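Just below is one structure, and these are the notes that go with it.
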Amino acid sequence: MCTGRVDLAFILRSFYNRIDGVYIAGCRLDECKYITHGNYHALNTVLLFKKVMEHIGLNPERLRIEFMSSAEGSRFAETVNDFVRKVRTIGPIGKGEGLNGNELTSRLNQMMMLIPYLKIAKREKLSSHLKDREAWDQLFTRDEIETLFRELPSYYIDPDKCQACMTCAKRCPVDAILSGKNLIHIVDQGKCVKCGTCLEVCPPKFGAVTKICGEPVPPPIPEEKRTIVRKKKEKGQTDKE
Ligand code: SF4
Ligand code: SF4
C-alpha cells in the first residue's frame with residue numbers, strides 16, 4: 001500500500017503480534033504523484049512512534065522507514081538486509097529490552113488506547129513536510145512525549161449540567177459513554193480513548209463536559225440518581241428544571 005495509508009495503529013499492532021522489527025519503504029520524498037505527499041505523513045508517523053517506543057521501553061531501532069523508487073531494487077535489498085541484521089542484534093521484541101510478555105502486552109495495549117489522542121495532540125506536526133534530515137530528529141522530542149503522557153486528559157460529564165441530549169454518545173467513536181433516554185450520561189474512563197469529541201459536541205448551552213488534567217476524575221453518579229425528572233412543558237418553561 002501507499003505509505004500515506006500507514007497508521008500508528010498498524011505499527012503498534014505489528015509489535016503487539018510480536019513482530020521484532022517493522023520496515024516501511026516509501027516513494028522518494030517530493031516525488032509523490034499526488035498532492036497529498038503521504039510519504040511525509042508516514043515519515044512523521046515513524047518519527048513520532050519512535051519516541052513512543054522509547055517512552056514504553058522499546059528499542060526505537062526496531063522501526064525504520066526508507067524512501068526509494070521502484071527502480072532501486074538493490075538499495076531496497078541492502079537496506080532490508082541491514083535492518084534485519086540490526087533487529088537480530090537487538091533480539092526478540094520485549095526480550096531484547098528485558099520486558100516480560102505480560103508487561104509488553106500491557107504497555108502496548110495502553111498505547112493502542114491512546115492512538116486517537118496522540119494523533120489529535122500531534123496533528124500539526126504529523127502533517128509537516130520537513131526536508132532537512134537533521135530536523136527530523138527534532139520534530140518530536142523525548143521531553144515533549146513525556147509531557148504529553150504526563151498531562152493525559154480525562155473527560156468528565158457534570159451530572160448537574162447534563163441534559164441527556166445524547167449528542168456525545170452518538171459521536172463517541174468507541175462507545176465509551178453510558179447513555180440512555182433521560183439518563184445523565186457517564187464517561188466510561190476505562191474505554192475512553194481521549195479523543196475530546198464529547199467536549200467539542202456537547203451543546204454550549206449545556207457545557208456539561210469538562211477536560212480534566214493532572215487531577216482525579218470525580219466518581220460517576222450512582223445509577224439510582226441518573227434519571228432526569230422533567231416537568232411537563234408549559235409555555236415559557238425549560239425542559240428540565
Ligand atoms: S473523549 Fe469523549 S468522545 Fe472521545 S472517547 Fe472519550 S468519552 Fe468518547
Ligand atoms: S452532549 Fe452534553 S448534555 Fe448532551 S448528553 Fe452529552 S454531556 Fe449530556
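Annotations for the structure displayed:
- Relative contact order (%) - the chain, alpha-carbon pairs under 8 angstrom, separation at least six: 17
- Shown for the chain: cysteine residues without a partner Cβ closer than 4.7 Å, namely C2, C27, C32, C162, C165, C172, C192, C195, C202, C213.
- As a proxy for reagent exposure, ranking H41, H55, H185 by other Cβ atoms within 10 Å from fewest up yields H55, H41, H185.
- Chain lengthening between T210 and K225 when straightened (0.36 nm per residue, less Cα-Cα): 3.4 nm
- The range 153-225 shape via C-alpha gyration tensor axes, a/c threshold 1.5: rounded
- The helix-only estimate of mean residue ellipticity at 222 nm for the chain, built from DSSP H runs of length n ≥ 4 each weighted as -39500 (n - 2.57), is -12000 deg cm²/dmol after division by the residue total.
- Each Lys and Arg adds +1 at its Cβ and each Asp and Glu adds -1 at its Cβ; summed about the Cα centre, the range 153-225 shows a dipole of about 260 debye.
- Alpha-carbon Debye profile of the chain, log10 I(q)/I(0) at 0.09, 0.14, 0.17 Å⁻¹: -0.52, -0.97, -1.24
- Modelled FRET efficiency - R0 41 Å, C2 with K95, Cβ distances, 0.05 increments: 0.80
- Cα shape, the range 80-143, gyration tensor, a/c 1.5 rule: oblate
- Here the label points at R88 and T36, each 7 Å from Cα along the C-beta direction, are separated by 3.7 nm in the simple model.
- Here, P(r) means the percent of Cα pairs in each 10 Å bin from 0 to the largest distance; for the range 32-110 it is 16, 37, 32, 14, 1.
- Cross-link pairs K170/K225; K191/K211; K50/K86 - those with Cα-Cα distance over 18 Å: K170/K225
- Assigned charges on the beta-carbon of Lys, Arg, Asp, Glu; the chain dipole about Cα centre (debye): 880
- Inter-probe distance in nm under a simple model that places probes 7 Å from Cα toward Cβ, at N182 and A77: 7.4
- Kirkwood's formula applied to the C-alpha pairs of the range 113-241 gives a hydrodynamic radius of 16.9 angstrom.
- Exposure proxy shown here: for S70, S106, the number of other Cβ atoms within 10 Å sets the order, fewest to most, as S70, S106.
Each value in this text was obtained by applying a stated rule to the coordinates, not by laboratory testing. Keep in mind that this is a model prediction, so the values were computed, not measured. Here Cβ is always computed from backbone atoms with ideal geometry, including for glycine, and neighbour counts include all displayed protein chains.
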